[in-house]
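K.L.:
Let me give you the structure first, and then I'll get to my questions.
The values are calculated or read from the model by the stated rules, or taken from the named source; none is laboratory data. Since we're looking at a predicted model, the values are computed, not measured. So basically every Cβ, Gly included, is an ideal-geometry build from the backbone, and we count neighbours across all protein chains shown.
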Amino acid sequence: MSSPTEGTANTGSFVTEEALQRLKKRHGAEARFKLYGQLAIGIAIVALVALLVSIFGQASSAFSRYVLSYDLNIEASYVDPDGTRDPEAIARNVSGFNLMLQDQLADEFLSDDANRNLRRELYGMFTRLAVLPIARATADAPETIGSEQIFNVALADDIDLFLKGGVSARKSIEIGTVAAGDGSTEDGVTLTLASQDAAEKLGAALTELTRTDVDDAPAVALIKAGNTWYRMEASEGRNLSLTYLAGPRALPSEGAAIEALILAQSQENRTVTDRQIAWTKILQTQGRIKSVLNTSLFTNSDSTYPELAGTAAAIVGSLLTMLVTALLAIPVGIFAAVYLEEFAPKNRLTSLIEVNINNLAAVPSIVFGLLGAAVFINFMGLPRSVPLVGGLVLGLLVLPTVIIASRAALTAVPPSIRTAALGVGASKTQSVFHHVLPLAAPGIMTGAIIGMARALGETAPLLLIGMVAFVAEVPDGPMDESTVLPVLIYKWSTGAERAWEPQTAAAIIVLLVFLILMNLIAIILRRRFERRW
Amino acid sequence: MDGNMEHFTQTKSSARADAASAPIKVDCQNIDVYYGDKQAIEDISLQIEDRSVTAFIGPSGCGKSTFLRCMNRMNDTIESAKVTGKIFMDGANINDPSIDPVLLRSRVGMVFQKPNPFPKSIYDNIAYGPRIHGLASGKAEMDEVVENSLRKAGLWEEVKDRLPAPGTSLSGGQQQRLCIARAIAVSPEVILMDEPCSALDPIATAKIEELIDELRERYCIVIVTHSMQQAARVSQKTAFFHLGKLIEYGDTERIFTNPEHGRTQDYITGRFG
Ligand SMILES: Nc1ncnc2c1ncn2[C@@H]1O[C@H](COP(=O)(O)OP(=O)(O)OP(=O)(O)O)[C@@H](O)[C@H]1O
Ligand SMILES: [Mg+2]
């Protein structure tokens, strides 16, 4: 301590030099701490935003999908060869519908003498199962047989990807008009451009898109003259030699506008052929290709075709699994917590149990999977891959979490409430159930929901009990083979085709929505039950 | 619990009530209380009169609350606590294992140091006890019980328009009176109060003291207090505790004017504690 005569006289006797120094230090420390806190929150927000942006960016293409709106003649000879008009038989006759679609497509796009390769190329624009919804719709309304119906036929995933800008880098340019056309659509066409400029423009675009890092991989030009599409094989000055791809079988007529689609990769190096691109372009100009909301993502079950794969079975599987988990973990967890916290004597045994519960909460989830496989499947003989077993395993997994959270909530209830209840002559059980539990309910519920959210995202233990099986049907009950969302995401993410990527991201979003819904319910429940004391 | 004690024969003369005017409600004989190995109450015998206020005074930590809790067996809820001795209430030993502490507590109400209303409505705070003990059948009867209890606790006029409001929304003094009303609602015979005014201001304290004085006509009241004035004002009998022992017990007037023991004298004159 300094005497009043020392230090700064004008700031008052109680503000000494040292005190000011200390104050400055303290303010500095406070400012620093505030900065650290803001920094931490900033990092967390950046990470979250990055995650969401990347997931939504990837998933956006999965939420819409391109379909061909097609006038289909529902011909009885294909779809109902026996003439029974039996809805079940019609719905099951997928190959009949498929054949009908293929024949009608061939009628429109191919000449009669088209070979098998050509046909395969055309049919490859659609998946075999694209006719499933058509078959179902027809089965529901057999009277439409024999009439023309407009259906949205899902395009194959590669075509969908191409339409969304994938498959190959590309550029579309206009290069003037046709000066002259020669040759034949069978043996090759020669086209003369109207101006030298146009030829140079085409050449420049080709060089621009040709990859420089790989040898011998020139860019490819698809040429549209009039309504016909050709592939450019070679060019010399204003003369281009072309092969017919699709559209009206005609030579380029003088004065017709020319459009070129330059693709960085030749068809050997991509999943969509030149001809398929030409057909797609033609259909697009005709306005028959539409982008629709990809409802099949929610209504379909898993499929080997990414464009048909949906999350319905996994959603139902997750729901059923969660149901079993909740039925096991929540009541058992709450009762265990209430007993340990309120009734159990404090002795060696209970503290041993306590320690073990805390340890169990830290056991890696895959160990629970092994336990489930050993006990429920091998020993108890329950079937593999069913939500019942999955739910039981996850229930055991989250049980410690629920118990710990519930106990924390129970300890947080002020002891004066208990003594007040006992004081008016309530029994121990009455004081717990009338007063302590209602007060602890919000905390217990939060714990339970956190546990359920953890269970919802678990993958590893479920892989071990076989919930990774391919499930194409929505499960009927907890004893039906099924899969769950995180496992589905894992499976899709390992899919080889490019189209699985957005599909995986979309499934992640479905899972996130689930989690958000659960948290929302938690918040609402908390609000409901929250009481001040 | 009562096996190792001899029967209710010896009672220390100093612990005897000086003037045996009123009937005895609670007769405590040779009470010992241990918290684990630590003895908190040593061989206390004490007789409490009905329809009067008995005050427990003594320095902090001397065992007043512990002894008070013996009378409604609240010590049972403390894991480490062990009580021996006999407490007769209307001829029955309440420490007998055959006595259900829950039933006992409906006959011996308790008011705590800090007001501890349930986080429920004012109405439910009062109605809870009668409800679990089945003291009222039907809504009308319950309404009556609630009103009577609140009236007896002198709170009715203040809260009659806001019975559905939470009990915790009342002021501290009102909350304490609510707790008294809650204790009264189960129609007990004995009311134990552990420093009921220590969290209250003088005006609220005065109200509660008035209330205690009124309640004396119907109940046997035991109150723990650190305020000598309060003990002198509200009680008819006073017991002075020190280090787990009962030092002196007698008419309040005599204790405060002419204590037998030097320690009592020292304490009430403020020389220690
Ligand atoms: N739950 C308990 N566990 C262990 N020891 C306790 C417990 N409650 C009280 N004690 C001990 O018993 C002795 C008496 O405590 P008690 O609470 O009865 O004192 P008191 O006279 O009420 O004091 P105060 O006036 O401060 O309230 C004290 O030494 C205290 O430490
Ligand atoms: Mg006390």
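K.L.:
If you take just the helices (runs of 4 or more DSSP H) that sit entirely in the range B:163-273, which of them hold at least 1 residues that are within 14 Å of chain A (Cβ to nearest Cβ)? It would help to see each step written out before you state the result.
P.N.:
Numbers: elements: B:172-185, B:202-215, B:228-234, B:252-257, B:262-268.
Helices (runs of 4 or more DSSP H) meeting the threshold: B:172-185.
K.L.:
Has the range B:76-98 got at least one residue that is under 18 Å from the mean Cα position of the chain (by Cα), in a helix (DSSP H, G or I) and more than 14 Å from ligand 2 (Cβ to nearest atom)?
P.N.:
yes
K.L.:
For the structure I just gave you, tell me whether residue A:174 is touching a residue at least 24 places away in the same chain (Cβ under 8 Å), acidic (Asp, Glu) and within 30 Å of residue A:111 (Cα to Cα). Steps first, answer last, please.
P.N.:
Numbers: touching a residue at least 24 places away in the same chain (Cβ under 8 Å): yes; acidic (Asp, Glu): yes; within 30 Å of residue A:111 (Cα to Cα): yes.
Yes.
K.L.:
Restricting to the range B:140-152, give me the number of residues that are within 14 Å of chain A (Cβ to nearest Cβ) and either more than 15 Å from residue B:128 (Cβ to Cβ) or of a type in the set (A, V, I, L, M) (or both). If you could, list the steps in order and put the result at the bottom.
P.N.:
Step one: filter the range B:140-152 for residues within 14 Å of chain A (Cβ to nearest Cβ), giving B:145-146, B:149.
Checking the rest, the ones that are also either more than 15 Å from residue B:128 (Cβ to Cβ) or of a type in the set (A, V, I, L, M) (or both) come to B:145-146.
Here the count works out to 2.
K.L.:
Looking at (1) within 14 Å of chain A (Cβ to nearest Cβ); (2) within 16 Å of ligand 1 (Cβ to nearest atom); (3) crowded, with 18+ Cβ neighbours inside 10 Å, can you tell me which one residue B:85 breaks?
P.N.:
Only one criterion in (1) within 14 Å of chain A (Cβ to nearest Cβ); (2) within 16 Å of ligand 1 (Cβ to nearest atom); (3) crowded, with 18+ Cβ neighbours inside 10 Å is unmet by residue B:85, namely (1).
K.L.:
A follow-up question, please. On the basis of being within 14 Å of chain A (Cβ to nearest Cβ), in contact with a Gly (Cβ under 6 Å, 6 or more places away or on another chain) and within 16 Å of ligand 2 (Cβ to nearest atom), does residue B:110 make the cut?
P.N.:
On the way: within 14 Å of chain A (Cβ to nearest Cβ): yes; in contact with a Gly (Cβ under 6 Å, 6 or more places away or on another chain): yes; within 16 Å of ligand 2 (Cβ to nearest atom): yes.
Yes; evaluated as a whole, the condition is true for this residue.
K.L.:
Which residue, of A:327, A:283, is buried (at least 19 other Cβ atoms within 10 Å of the Cβ), touching a residue at least 24 places away in the same chain (Cβ under 8 Å) and more than 15 Å from the chain's Cα centre (by Cα)?
P.N.:
Working: A:327 fails: buried (at least 19 other Cβ atoms within 10 Å of the Cβ).
Step by step, each of A:327, A:283 is checked, and only A:283 is buried (at least 19 other Cβ atoms within 10 Å of the Cβ), touching a residue at least 24 places away in the same chain (Cβ under 8 Å) and more than 15 Å from the chain's Cα centre (by Cα).
K.L.:
Next question, about the same structure. For the structure I just gave you, tell me whether residue A:293 is at pLDDT 90 or above, within 28 Å of the chain's Cα centre (by Cα) and surrounded by fewer than 20 Cβ atoms within 10 Å (Cβ to Cβ). Give the steps one after another, and end with the answer.
P.N.:
On the way: at pLDDT 90 or above: no; within 28 Å of the chain's Cα centre (by Cα): yes; surrounded by fewer than 20 Cβ atoms within 10 Å (Cβ to Cβ): yes.
No, not satisfied.
K.L.:
Do you know which of the residues in the range B:26-58 that are within 12 Å of ligand 1 (Cβ to nearest atom), out of contact with any helix residue (DSSP H, G or I) (no Cβ under 7 Å at 6 or more places or on another chain) and not small (Gly, Ala, Ser) is nearest to the other protein chains (Cβ to nearest Cβ)?
P.N.:
B:35
K.L.:
Within the range B:206-237, restricting attention to residues that are modelled with pLDDT of 90 or more and touching a Cys at 6+ places or on another chain (Cβ under 8 Å), which residue is farthest from residue B:254 (Cα to Cα)?
P.N.:
B:209
K.L.:
If we keep just the residues of the range A:403-415 that are part of a helix (DSSP H, G or I) and surrounded by fewer than 17 Cβ atoms within 10 Å (Cβ to Cβ), which is farthest from the other protein chains (Cβ to nearest Cβ)? Write out each step before concluding.
P.N.:
Looking only at the range A:403-415, we keep the residues that are part of a helix (DSSP H, G or I), and these are A:403-411, A:415.
Add one more test, that the residue is surrounded by fewer than 17 Cβ atoms within 10 Å (Cβ to Cβ), and what stays is A:408, A:411, A:415.
On the way: A:408: 19, A:411: 15, A:415: 9 Å.
Restricting to residues being part of a helix (DSSP H, G or I) and surrounded by fewer than 17 Cβ atoms within 10 Å (Cβ to Cβ), the top hit is A:408.
Matching residues to (1) modelled with pLDDT under 85; (2) more than 30 Å from residue A:512 (Cα to Cα); (3) assigned to a helix (DSSP H, G or I):
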| residue | (1), (2), (3) |
| --- | --- |
| A:36 | no, no, yes |
| A:62 | yes, no, yes |
| A:88 | yes, yes, yes |
| A:96 | no, yes, yes |
| A:118 | no, yes, yes |
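K.L.:
Just to be sure I understand the filter: pairs with C-beta atoms under 7 Å, separated by 6 or more residues or on different chains, first member in the range B:53-68 and within 19 Å of residue B:250 (Cβ to Cβ) and in contact (Cβ under 8 Å) with a residue 60 or more places away in the chain, second member within 6 Å of ligand 1 (Cβ to nearest atom) and β-branched (Val, Ile, Thr). Which pairs pass?
P.N.:
Pairs found: none.
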